[in-house]
1. Is it true that residue 42 is in a helix (DSSP H, G or I), of a type in the set (S, T, N, Q) and under 8 Å from the mean Cα position of the chain (by Cα)?
2. Condition first: out of contact with any Leu (no Cβ under 7 Å at 6 or more places or on another chain) and buried (at least 17 other Cβ atoms within 10 Å of the Cβ). Now tell me which residues in segment 8-27 satisfy that.
3. Go through segment 32-43 and give me each residue that's surrounded by 14 or more Cβ atoms within 10 Å (Cβ to Cβ) and at pLDDT below 95.
4. Limited to segment 12-30, what total is found for residues that are closer than 11 Å to residue 50 by Cβ and either at pLDDT below 95 or under 9 Å from the mean Cα position of the chain (by Cα) (or both)?
Amino acid sequence: MAQKVDIIAEQLKVDGSSPLATTVAACNEAMGITGTGTLAQQVDTLMAQLGRYSTTSLA
């Protein structure tokens, strides 16, 4: 999941050096969406919003 968050943070120009949950929250904010569900669900939602779909190789 960390690799997915790195990809998202890079695309959104969000600092990815923070703890995972903090980075995901910042990415949600950058996308203007409310983070709901588990952290993994939020990451999958962000990936989908960016046109990237979750793959098991990045899990």
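1. Working: in a helix (DSSP H, G or I): yes; of a type in the set (S, T, N, Q): yes; under 8 Å from the mean Cα position of the chain (by Cα): yes.
It is true that residue 42 is in a helix (DSSP H, G or I), of a type in the set (S, T, N, Q) and under 8 Å from the mean Cα position of the chain (by Cα).
2. Listed by number, the residues that qualify are 9, 12, 14, 16, 23, 26.
3. At the first step, the residues of segment 32-43 found to be surrounded by 14 or more Cβ atoms within 10 Å (Cβ to Cβ) are 35, 39, 42-43.
Selection gives 35 alone.
4. Total satisfying the criteria: 1.
The values are calculated or read from the model by the stated rules, or taken from the named source; none is laboratory data. Just so it is clear, the structure is predicted and the values come from calculations on it, not from any experiment. As a convention, Cβ positions derive from the backbone with ideal geometry for all residues, glycine included, and neighbour counts pool all protein chains shown.
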